[in-house]
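S.K.: To start, I am sharing the structure in question, which I have written as C-alpha cells.
Laboratory data are not the source of any read-out in this text; all were calculated from the coordinates shown. Model, not experiment: these values are computed from the prediction. When we count neighbours, we look across all protein chains shown, and the Cβ atoms used for this are built from the backbone with ideal geometry, even at glycine.
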Amino acid sequence: MMFGERPQELNGVSLPLKVRGKAERFIARSLRSKMLALQNTPPIVTFTFDDVPVSACEIGAEILANHGVHGTFYVAGGGCGAASPVGRLASIEHIRTLATLGHEIGCHTYSHPEVSRIGTDALDDEINRNRLFIRTIDSAITLKNFAYPFGEMSVRAKRYLERRFDSCRTVHPGINSNSVDLGSLKACPLESAAPDRAGISALVAEAVRCCGWLIFYSHDVAEKPSKYGVTPDLLEWAVTSANRAGCAITTIAGALELIRATAGGRRTAAQS
C-alpha cells in the first residue's frame with residue numbers, strides 16, 4: 001500500500017459503513033465546543049498542502065514565495081521520502097527548508113490513519129511519534145495545528161485532537177465566518193478538477209463579502225497533477241486572486257494570531 005492510500009478493505013466499503021462514516025463526521029461537526037469569533041477580522045486566505053509531496057515543497061512553495069506569502073504544510077512523518085498517490089513525499093531536507101523559509105509545519109499524524117477508526121491510545125501514539133520525528137528535523141518546529149487524514153473524524157477523535165492542537169482542519173467545504181469551530185475548520189479543495197478560475201474567484205469574493213477565512217487545501221503541484229493536486233497555473237491564479245482582493249494571506253497559525261489580535265477575535269466558548 002502506497003502511503004496516503006486508504007487500506008484496501010476500505011476502498012470498496014459497504015454502504016452501511018459509508019453511511020456510518022458520513023453520520024460520524026456530521027455529528028462531530030455539529031458538536032461545536034471550541035469556538036472563536038471572527039467579527040471585525042479582515043478577509044483571510046490560507047493555502048495548505050496535505051501529505052507534503054516534493055512538488056508542493058518545491059513548486060508550490062516557490063509560487064507562494066513569489067508573492068511574499070507562506071503556507072501550512074501538514075506532514076505525516078511516517079511517509080517521509082516515500083512514494084504515494086500524489087508523488088514522492090518530502091524528504092527531511094525538504095521539511096527543514098520549508099520551516100527555514102517561514103512556512104508552517106502542521107501535524108497530519110505519523111502514519112496517516114483514519115483517526116475515527118483507531119483508539120485514543122493509538123491516536124496519542126500517532127501524535128507523539130510525529131512530534132518526535134519533526135523534533136529530530138528541527139527542534140524549533142512546534143506542531144500547533146492539525147489536519148484530519150482523509151478528512152475522517154469522529155466525536156471522540158475531535159475532542160481529543162482539539163485539546164492537543166490550536167486547530168483541526170477538515171475537508172468539509174465552506175468559508176469560516178462569524179464564529180468558527182477550531183476543532184472542525186472548513187476548507188475548500190484546490191484541485192485541477194475543481195474549482196476552476198471562476199470558482200476560485202467566487203470563493204475569494206465570498207470571503208471578502210463576509211469577512212471570512214477561506215482555507216484552500218491541495219496535495220501535489222504539477223503540470224499533470226494527481227486527482228488530488230493542482231497545476232502551478234491554477235495555484236498562481238488563486239494566490240493572485242486573493243492578493244488582488246485585498247485578503248490577508250497567511251498560514252493557519254498566522255490567521256489565528258490575526259483573528260485573536262482583532263477586537264472581535266475572542267473565544268466564544270471555554271477551551272479545555
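S.K.: Under the rule of -39500 (n - 2.57) per DSSP H run of 4 or more residues, summed and divided by the residues of the chain, what mean residue ellipticity at 222 nm is obtained, to the nearest 500 deg cm²/dmol?
M.R.: -11000 deg cm²/dmol
S.K.: Follow-up. Among the helices of the chain (complete DSSP H runs), which have Cα atoms covering no less than 15 Å along the helix axis and a Kyte-Doolittle mean of at least -0.5?
M.R.: 15-30, 197-209, 232-244
S.K.: For the chain, set up a GNM with springs between Cα atoms under 10 Å and report which of 198, 222, 122 has the largest fluctuation.
M.R.: The residue with the greatest mean-square fluctuation here is 198.
S.K.: Grab the Cα-Cα distance for residue 202 and residue 224, subtract it from 0.36 nm times how many residues apart they are, and report the gain in nm with one decimal.
M.R.: 5.5 nm
S.K.: How about segment 79-157: which chymotrypsin sites (Phe, Trp or Tyr not before Pro) there are in a DSSP loop, with at most 16 other Cβ atoms within 10 Å of their Cβ?
M.R.: The qualifying sites: there are none.
S.K.: Which is farthest toward the positive dipole end of the chain among 137, 55, 175, measuring Cα position about the Cα centre, with Cβ charges +1 (Lys, Arg) and -1 (Asp, Glu)?
M.R.: Going by the Cα projections, it comes out as 175.
S.K.: Rounded to the nearest 20 debye, what is the charge dipole size of segment 90-168 about its Cα centre when +1 sits on each Lys and Arg Cβ and -1 on each Asp and Glu Cβ? Mind showing how you got there, number by number?
M.R.: Working: 11 positive and 11 negative charges, 38 e Å.
It works out to roughly 180 debye.
S.K.: Taking the simple approach of a point 7 Å from Cα along Cα-to-Cβ for both residue 96 and residue 193, what is their distance in nm?
M.R.: 3.7 nm
S.K.: HN-Hα J couplings of segment 50-66 from phi, Karplus 6.51/-1.76/1.60, θ = phi - 60°, integer Hz, Gly and Pro as x?
M.R.: Per-residue couplings from phi come out as 9, 6, 6, x, 4, 5, 5, 5, 9, 6, x, 5, 5, 4, 4, 4, 4 Hz.
S.K.: At 7 Å along Cα-to-Cβ for each site, give me the label-to-label distance between residue 39 and residue 244 in nm.
M.R.: The modelled label-to-label distance comes out at 3.4 nm.
S.K.: Sort 45-58, 247-260 for me by packing, meaning the mean count of neighbouring Cβ atoms within 10 Å per residue, highest on top.
M.R.: 45-58, 247-260
S.K.: Let me ask something else about it. Modelled label-to-label distance, residue 261 and residue 128, 7 Å Cα→beta-carbon offset: nm?
M.R.: The modelled label-to-label distance comes out at 3.6 nm.
S.K.: Based on the mean of other Cβ atoms within 10 Å per residue, sort peptides 180-188, 229-237 so the most packed one is first.
M.R.: Result, highest mean Cβ count within 10 Å first: 180-188, 229-237.
S.K.: Set the Förster distance to 41 Å, then compute FRET efficiency between residue 82 and residue 209 from the Cβ-Cβ distance, nearest 0.05.
M.R.: E(calc), rounded to 0.05, equals 0.50.
S.K.: Could I ask something else about it? Please state the charge dipole magnitude for segment 168-272, taken about the Cα centre, from unit charges on C-beta atoms (+1 on K and R, -1 on D and E), reported in debye and rounded to the nearest 20.
M.R.: Magnitude of the dipole: close to 400 debye.
S.K.: Using unit Cβ charges (K, R positive; D, E negative) and no other charged atoms, how large, in debye to the nearest 20, is the dipole of the chain about its Cα centre?
M.R.: Here the size comes out at about 1080 debye.
S.K.: Let me ask another. So how do 70, 172 line up by other beta-carbon neighbours within 10 Å, fewest first?
M.R.: So the ranking, lowest neighbour count to highest, is 172, 70.
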